[in-house]
1. Checking the conditions here, which among B:E100, B:E125, B:E140 is modelled with pLDDT of 90 or more, farther than 30 Å from A:P131 by Cβ and within 46 Å of the chain's Cα centre (by Cα)?
2. For B:K92, are the conditions met, namely being among the charged types (D, E, K, R) and under 30 Å from A:E74 (Cβ atoms)?
3. Only residues that are surrounded by fewer than 19 Cβ atoms within 10 Å (Cβ to Cβ) and either among the basic types (K, R) or under 17 Å from A:S104 (Cα atoms) (or both): list them for the range A:120-149, please.
4. With (1) within 20 Å of B:L134 (Cα to Cα); (2) touching a Lys or Arg at 6+ places or on another chain (Cβ under 8 Å) as the list, and A:E53 as the residue in question, which single condition is left unmet?
5. Of the residues A:A100, A:A24, which single one is hydrophobic (A, V, I, L, M, F, W, C), at pLDDT below 85 and outside any helix (DSSP H, G or I)?
6. If you take the residues in the range A:151-171 that are more than 7 Å from chain B (Cβ to nearest Cβ), crowded, with 18+ Cβ neighbours inside 10 Å and in contact (Cβ under 8 Å) with a residue 24 or more places away in the chain, which one is farthest from B:L96 (Cα to Cα)?
7. If you check B:K57 against the conditions, is it among the basic types (K, R) and at pLDDT 95 or above?
Amino acid sequence: MKLGISQNELKTLEAKWRDVERDAQDGQKKLEVISAEVEKLKKHLDGSGWSEEAEQRSQQQLNDARREYRNLTEVSKAISLSTYYSSLSYQEREGKKQRAPSLSFDYDSPYPGFDRSKVKGLVASLISLKPSDYDKATALEITAGGRLYNVIVRDPQVGQDLIDKGRLRKRITIIPLNGIRDRRLSPQVNR
Amino acid sequence: MVRKQVSTASHLAPGKVDLALSLVGYPDEVEKAMGFVFGSTFICKDSETAKQVTFSKEIGGARSVTLEGDVYEPSGTLSGGAAPTSSGVLVKVQDLLDTERRLDEAKGRLDDLEKQNERDRGRRERWNTASRELQIKQHEKKLFEEQLGGSNASRVNSFVSFRQFS
């Protein structure tokens, strides 16, 4: 009787063991399928033409370029300001605090669609000097005097528009390119 | 006549006098304005030269400025003394022009990189999708391996109980 029970139990256990074995085989097969899929996706990723390194490199380059551009914009602004301020005495500086202190000439477009390239800028900001002529910079500044801060424009109409509708922050003198009396001596012979 | 003035000046004091206009650089389009501002003054090395040039009968009267900043007018007036208030502006403008040139270059580089970035967009999206898919699949694999490990354990368990009866 006792043996009969054990034999029954043995049969059940044997059946269970076969199930477990089969499950294990199925599981192994499925794992192989998944592994193959993982490998396939890895290849797909490698073939995408992009990578973690490429991503990092390209972001780094972009950030560097943006930072450099921002920095230089700041430096350029700072020079414009300091140049103008250092050209003034202390009293003038105090008096002009409210005005736009800049070597760049600020104005509002007199009308919509105004071509801003018609305004060339301040005389001073358009002058380039050879380093070997830096010792003549003072003499040249005195030569130009107040005209250093005159504004060069294309024609008298542009000047008129600026003064009437440019909302200028300070008093300016305009030099219209095709309306100015040329009083220069010829420089060629002097070379 | 004007040409003659300039050549006469350089004959009077060779190497010591320049027309102010010939010392400054500027965009071609503003030449007339620069001529107006710098075209009728001589820059002279010293006051001796300046006097010679300004009061020369052959030149017939031209303004001269010395490196020190003294101004000789044909009318006879002489200005000088304290350092000029605008001192240093033109040298600082050189700094500004240099910075603006570098700014232009930096802008060019930035534009190029942004264009490149735009061209890389397709590749980057493919890469993003592919790495997301891979992650999901790898996670699935890990989960399944854990599950398999669990059933292995139960297999061993069953085997042990089976052996007990044999």
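The values are calculated or read from the model by the stated rules, or taken from the named source; none is laboratory data. Note that the structure is a prediction, hence the values are computed from the model and not measured. Glycine gets a Cβ as well: all are built from the backbone with ideal geometry, and neighbour counts include every protein chain shown.
1. The conditions single out B:E125.
2. So B:K92 passes the test.
3. Across the range A:120-149, the qualifying residues are A:G121, A:S128, A:K130, A:G146, A:R147.
4. (2)
5. Details: A:A24 fails: outside any helix (DSSP H, G or I).
That would be A:A100, the only listed residue that is hydrophobic (A, V, I, L, M, F, W, C), at pLDDT below 85 and outside any helix (DSSP H, G or I).
6. First pass over the range A:151-171, keeping only residues more than 7 Å from chain B (Cβ to nearest Cβ): A:151, A:153-171.
Still in the list and also crowded, with 18+ Cβ neighbours inside 10 Å: A:151, A:153-154, A:158-159, A:161-162, A:166.
With in contact (Cβ under 8 Å) with a residue 24 or more places away in the chain added as a condition, the list becomes A:151, A:153-154, A:158, A:161-162, A:166.
Details: A:V151: 17, A:V153: 21, A:R154: 23, A:V158: 26, A:D161: 28, A:L162: 25, A:G166: 25 Å.
Result: A:D161.
7. no
Okay, residues lined up against (1) surrounded by 15 or more Cβ atoms within 10 Å (Cβ to Cβ); (2) within 30 Å of A:E55 (Cα to Cα); (3) assigned by TED's automatic domain parsing to the domain that holds B:Q52:
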| position | (1), (2), (3) |
| --- | --- |
| B:D70 | yes, no, yes |
| B:T77 | no, no, yes |
| B:Q94 | yes, no, no |
| B:D98 | no, no, no |
| B:K107 | yes, yes, no |
| B:R119 | no, yes, no |
| B:G122 | no, yes, no |
| B:W127 | yes, yes, no |
| B:A130 | yes, yes, no |
